[in-house]
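First comes the structure, then the notes that go with it.
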Amino acid sequence: MLPALLLTLSLSQTSVPQDQHAPFLGTATCGSSTCHDSPKPWRNATVTMREFWLWQTRDPHARSLETLQSDAARAITNQLGLAEPSHEPACLTCHEGRQIAEKSESGDATAIGCETCHGPGKAFLATHVGTRSTHAGNLAAGMYPTTNAEARATLCASCHVGDATRRLSHIMYAAGHPRLRFEMHSWSGAWPYHAIEDRDYRRRKPIPDRSTMWFAGQLANTESLLTRLADPSAHRGLFPELSLFDCHSCHRSLHAKSSLVRQSLGLPPGSVSLDSASMILIGAALKPADPALASRWHTYERDLNQAMANRGDTTALVAEGQRLITETRTAVSAGKLVANTEPACLLRALLDEAKRQQPLPRPSAEAYTMTLASMLIGPNASLVVDPEHLISVQADVDALYQANDPTESADEALRAAKVDATLQHLASSLPACSS
Ligand code: HEC
Ligand code: HEC
Ligand code: HEC
Ligand code: HEC
């Protein structure tokens, strides 16, 4: 109990590596052939020492600068009248690897690398190469706690969703930036991971369980939304910053035959709703173990959307959201929620909520798809699904991905109807919740 508490305390003071001040040494320092790019396995090394090779050849982050040199990137900055993307602070904030203060406009940018995630090397280099180095010792010396679910989620979300310093505005989207969508748990699976979680790893480091990771990701997404909502400089002109909303509440066909009104929000047709998918999913997942907290999340999501639609003051609501996040993090780290929820019951709760929320807006449909995929596809699927239903369940997950294909300019109401029907079919092939 005590170590967990200490970690929570120290976390609140740890900012993401990009916002720290200690010097970065550069990816080449970590990835030298005597260190994390060793051609031969190290004797007694507890890690592979091939992390640099893996990063360079497989990790999309290693290409973050090349992306800024592409025609697609230049088209965005040209439209906005900004500098060359690889010199433009508005792009470097997320596509560059170093601290804000070090990102220069001289063009000697560096890709997202080891220190962007693990922290400024200068702080812990000496400590972590010592023969007696321990993970706790490295953390104390300033290594970023990537092993901690909450810290890891905050790190990924800082660029993949945004935060107070890293923001994608609607004008950047309108100029051509791809729409960001992020679900930490499933994306971690899609990312060429360089940590091998074997017995030796377990001896040295804690591994957060899947549900803790999932909650951490959804809570970080929510925190990111609230942070950007509360930041007055994010808003321009008449409207709040449009990138905080569900894009498709505006960007949809005028020829739709059916309505997309979510009754649960209590708003009239034509209302623009926030991208509050993570709140819907958190509420749904909490329901089996803590119905009272679950219902506070659902009420909160509705109140926040109503306040935005009615142009009410959201200051108090943002503070309440932060309290809900803190309470939920405490409940998750106490292990109470996970231990009390059977996978079958969790799935049932998620699908019941999807039904209540119909028609599911696109951000929620995407968040559902990624969440269900990480629960129902892969080696863990057989723990939850009866063998005779495996194929049909996987076909449903495929159908969900197809229905939400971002390149489809299909009618939003039709998309929602397909998603809702697929989720209902999925519910019929999953085991019952026994408690
Ligand atoms: C400093 C900002 C930053 C951080 C921190 C960050 N990412 Fe990324 N990530 C990016 C950018 C930018 C790209 C796009 C790279 C490119 O293609 O140029 C990307 C790409 C990816 C992709 C590939 C996406 C695709 O469409 O193929 C995955 C997966 C990913 N990141 C996962 C993660 C995870 C998991 C974390 C946390 C452990 C994380 N990222 C942390 C900025 C970041
Ligand atoms: C809030 C962080 C953030 C900011 C600010 C940002 N980007 Fe990105 N960008 C990302 C992430 C994350 C991705 C990966 C998208 C994904 O796969 O989800 C990305 C992807 C891209 C891609 C597509 C890469 C591909 O392979 O498809 C281009 C091009 C791009 N960004 C250019 C820019 C430019 C130009 C700017 C400045 C005007 C900029 N970005 C600002 C986070 C950001
Ligand atoms: C996008 C974020 C990200 C980037 C970039 C990144 N790492 Fe990691 N790394 C992680 C995460 C998350 C873990 C898993 C948690 C942990 O063990 O700390 C990890 C784990 C590790 C481990 C621990 C493996 C073990 O068995 O204990 C080493 C060593 C490592 N990374 C080295 C590197 C090096 C070297 C680079 C650069 C070439 C790098 N990382 C780039 C996020 C990143
Ligand atoms: C409140 C309504 C609203 C929301 C929410 C909204 N947009 Fe827009 N968007 C607009 C308007 C209005 C335009 C300008 C249309 C024009 O110039 O004809 C626009 C233009 C665009 C364009 C330029 C292409 C076009 O159709 O003109 C893109 C791309 C875009 N938005 C993407 C997004 C993304 C991505 C999101 C969500 C992150 C989003 N929008 C959220 C109203 C909205």
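What follows draws every value from the coordinates through simple rules; no lab data is involved. Please read all numbers here as calculations on a predicted model, not as lab measurements. Every residue, glycine as well, gets a Cβ built from its backbone with ideal geometry; the counts of neighbours run over all protein chains shown.
Could you give the nm distance between label points at Ser271 and Arg50, where each point is 7 Å from its Cα heading toward the beta carbon?
5.4
Using 0.36 nm per residue, how much length does the chain from Asp405 to Leu383 gain when fully extended, once their Cα-Cα distance is taken away?
On the way: separation 22, 0.36 × 22 = 7.92 nm, distance 2.81 nm.
My answer for the length gained is 5.1 nm.
With viscosity set to 0.692 mPa s and temperature to 37 °C, compute the Stokes-Einstein D of the stretch 129-227, Rh being the Kirkwood radius across alpha carbon pairs; µm²/s, no decimals.
Details: Rh = 15.3 Å.
Result for D is 215 µm²/s.
So, how do all the Cα-to-Cα distances of the stretch 196-246 break down into 10 Å bins, in percent, from 0 on up?
Bin by bin from 0 Å, the calculated values are 21, 29, 20, 16, 11, 2.
So if I place +1 on the C-beta of Lys and Arg and -1 on the C-beta of Asp and Glu, and nothing else carries charge, what would the dipole magnitude of the stretch 212-359 be about its Cα centre? I want it in debye, nearest 20. Write down the numbers at each step before the final one.
Working: 15 positive and 14 negative charges, 72 e Å.
With Lys and Arg at +1 and Asp and Glu at -1, about 340 debye.
Run through every distinct alpha carbon pair of the stretch 270-403 and return the Kirkwood hydrodynamic radius in angstroms, one decimal place. Show your work: numbers first, answer last.
Details: mean 1/r = 0.0620 Å⁻¹.
It works out to 16.1 Å.
Ranking request for peptides 25-33, 180-188: highest mean number of other beta-carbon atoms within 10 Å first, then the rest in descending order.
Values: 25-33: 15.8, 180-188: 19.9.
Taking the mean over residues of other Cβ atoms within 10 Å, the ranking is 180-188, 25-33.
Among 192-200, 221-229, how do they line up by average Cβ neighbours within 10 Å per residue, starting with the highest?
On the way: 192-200: 11.1, 221-229: 22.8.
Descending packing order for the listed peptides: 221-229, 192-200.
Over the Cα atoms of the chain, how large are the radius of gyration and the largest Cα-Cα distance (Dmax), in Å?
Rg, Dmax (Cα atoms, Å): 22.3, 68.
Please sort 422-433, 126-137 by packing, taking for each peptide the average over its residues of neighbouring beta carbons within 10 angstrom, highest first. Working shown, then result.
Numbers: 422-433: 16.5, 126-137: 12.6.
Per-residue mean Cβ counts within 10 Å order the peptides as 422-433, 126-137.
Any idea what angle helix 277-286 forms with the longest principal axis of the chain, computed on alpha-carbon atoms, 0 to 90 degrees, nearest 10?
Value to nearest ten degrees: 90.
Where is the GNM fluctuation largest for the chain (alpha-carbon springs, 10 angstrom cutoff): Gln358, Gln99, Gln69?
Gln69
Any idea how far apart Arg179 and Ala164 come out in nm if each label point goes 7 Å out from Cα toward Cβ?
With each label point 7 Å from Cα toward Cβ, the separation is 2.9 nm.
If you average the sequence gap of Cα pairs under 8 Å that are 6 or more apart and divide by the length of the stretch 18-144, what percent do you get for the contact order? Don't skip to the answer; put the middle values down first.
Values: 159 pairs, mean separation 35.2, N = 127.
Contact order relative to length: 28 percent.
At a threshold of 8 angstrom on Cα-Cα distance, excluding pairs fewer than six apart, so keeping six or more, what relative contact order does the chain reach in percent?
Details: 552 pairs, mean separation 56.3, N = 435.
Value for the chain: 13 percent.
Between Ser33 and Ala316, what's the calculated FRET efficiency when r is the beta-carbon distance and R0 is 41 Å? Round to 0.05. Walk me through the numbers before you get to the answer.
Numbers: r = 56 Å, r/R0 = 1.37.
Efficiency for this residue pair is about 0.15.
What's the Kirkwood radius of the stretch 18-144 in Å, using all Cα pairs?
Working: mean 1/r = 0.0632 Å⁻¹.
Roughly 15.8 Å, rounded to one decimal.
How tilted is helix 71-80 with respect to the longest principal axis of the chain? Cα atoms for both, answer in degrees (0 to 90, nearest 10).
Helix 71-80 sits at roughly 70 degrees to that axis.
Go ahead and run the numbers for FRET between Leu254 and Ala190, Cβ-Cβ distance against an R0 of 30 Å, rounding to 0.05. Don't jump to the answer; show the numbers that get you there.
Details: r = 35 Å, r/R0 = 1.17.
Step by step, r from the Cβ atoms, then E = 0.30.
Using only Cα atoms, tell me the angle between helix 390-403 and the longest principal axis of the chain; keep it within 0 to 90° and round to the nearest 10.
Helix 390-403 sits roughly 90 degrees off the main axis of the chain.
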